[in-house]
Amino acid sequence: MSTRIKPQPGIMDIELYVGGKGAVKGQSNTVKLSSNENPWGPSEDAKQAYRAVAGDLHVYPSGDHGPLRTAIAEVTGLDAERIICSNGSDELISFLCQVYAGPGDEVLFTEHGFLMYKLCAQAAGATPVAVPEKERHTDVDALLAAANENTKLVFIANPNNPTGTMISASDVARLADGLPEQALLVLDGAYAEFVDGFDGHADLVDERENVFMTRTFSKIYGLGGLRLGWGYGPAEIVNTLHRVRGPFNVNASALAAGEAAMRDVNYTVKCRETNAQWREFLREKLLGIGIACDASQTNFVLARFGSEAEADAADQALSDAGLLVRAVKSYGLAECLRITVGKGADCKRVVQVLQEFKDGWVA
């Protein structure tokens, strides 16, 4: 390998992102509860729209994503001209760092926030700054205290991944109002649809020039395999992001399925209600067997054990039973496991395995 061909400084310091486990060697009957996917999958309308594109795969997709942006606008009441679509919301996070942060700049996020905030900041040459949370909740005062003249971006997920916790709209507004004038607040709404009546703080975006919102089709809409996201923000910021995105960054199948999924409001409501039912079942049962678990506003719960060793042993017990969950050591939560809310039978199996595990566990 040539020693003269080298990446930009800092690139090799970026840790590779590792997703949730999808399989266990030697096991064929596994249930994946490690990536917060919708266990019921996409709606029938979305699947039909996806299949309908098969005959036109030789045609380039819409470059302006017009039909999808229109669907989003009609369902949410937002301005279609201020919506931008992307190859998953991760792409928007990358674009934001590429455009607004660089060497000498700082990108803030909470200590247990989504790993891509740090990775994308590093890729842009900026300095990532992890800010302490307060009992696994975003701490607005800590973020404001950490912000300075070098701060260009502040990322928070609300509800947050992997904690599942959420802060109030008034706290988010206080954060936006208290940031330095050169800083952009990015609200990651990947799990917004799981909160009944919640718009992802779109109203704050409309009221301010320093707030941008990202959303995804990977969670409640069940389209993680197609990689589709969208964002909403001030016109100036959206127009700037268009300058760095590829002309055909979203494929035709994703655009078609996303439009159908967005319009199938009844299916989205059904998924939200069913998820809430089994999420509360799972949390209550975990609490009942002595496993700490914060109230979650998402499609997962964060189970907290007494130690890292106990969490590792519980993870192994679940894996041995064919239940794949997410260890979150990389998020600074070594004593925790993030468990996606699966179908009813899956949730019951998780509880049964963990009950047996707790009965036999010796600290």
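The values are calculated or read from the model by the stated rules, or taken from the named source; none is laboratory data. Note that the structure is a prediction, hence the values are computed from the model and not measured. Don't worry about glycine lacking a Cβ; one is built from the backbone with ideal geometry, like all the others, and counts go over all protein chains shown.
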- Item | Any chance THR268 is under 24 Å from ASN160 (Cβ atoms) and assigned to a helix (DSSP H, G or I) | yes
> Does VAL250 meet the test of being in contact with a His (Cβ under 7 Å, 6 or more places away or on another chain) and either among the aliphatic types (A, V, I, L, M) or modelled with pLDDT of 95 or more (or both)?
Replying inline: yes
VAL269 passes all but one of the listed conditions (1) β-branched (Val, Ile, Thr); (2) over 18 Å from HIS137 (Cβ atoms); (3) touching a Phe, Trp or Tyr at 6+ places or on another chain (Cβ under 9 Å); the exception is number (3)
Checked ASP188, ASP196, ASP203 against criteria (among the acidic types (Asp, Glu) and under 17 Å from the mean Cα position of the chain (by Cα)); the one match is ASP188
Those residues of the stretch 177-196 which are within 24 Å of GLY77 (Cα to Cα) and surrounded by 22 or more Cβ atoms within 10 Å (Cβ to Cβ) amount to LEU184, LEU185, VAL186, LEU187, ASP188, GLY189, ALA190, TYR191, ALA192, GLU193, PHE194
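Condition check ((1) modelled with pLDDT of 95 or more; (2) among the polar types (S, T, N, Q); (3) surrounded by fewer than 22 Cβ atoms within 10 Å (Cβ to Cβ)) across all residues:
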| site | (1), (2), (3) |
| --- | --- |
| PHE198 | yes, no, yes |
| GLU209 | yes, no, yes |
| MET213 | yes, no, no |
| THR216 | yes, yes, no |
| GLY222 | yes, no, no |
| ARG227 | yes, no, yes |
| TYR232 | yes, no, no |
Checked the stretch 83-115 for anything within 14 Å of ARG243 (Cα to Cα), of a type outside the set (Gly, Ala, Ser) and in a helix (DSSP H, G or I); matches are GLU91, LEU92, PHE95, LEU96, CYS97, GLN98, VAL99, TYR100
query: Does the stretch 277-287 include one or more residues that are of a type outside the set (Lys, Arg), buried (at least 23 other Cβ atoms within 10 Å of the Cβ) and in the same structural domain as ILE93 (by TED's automatic domain parsing)?
result: no
Pairs returned, first residue in the stretch 106-120 that is among the acidic types (Asp, Glu), second residue that is in a strand (DSSP E or B), beta-carbon separation under 7 angstrom, 6 or more apart or interchain, are GLU106/THR127; GLU106/VAL129; GLU106/THR151; GLU106/LYS152; GLU111/ALA130; GLU111/VAL131
- Go through the residues of the stretch 336-355 one by one and say whether even a single one is closer than 30 Å to ALA130 by Cα, touching a residue at least 40 places away in the same chain (Cβ under 8 Å) and out of contact with any strand residue (DSSP E or B) (no Cβ under 9 Å at 6 or more places or on another chain). no
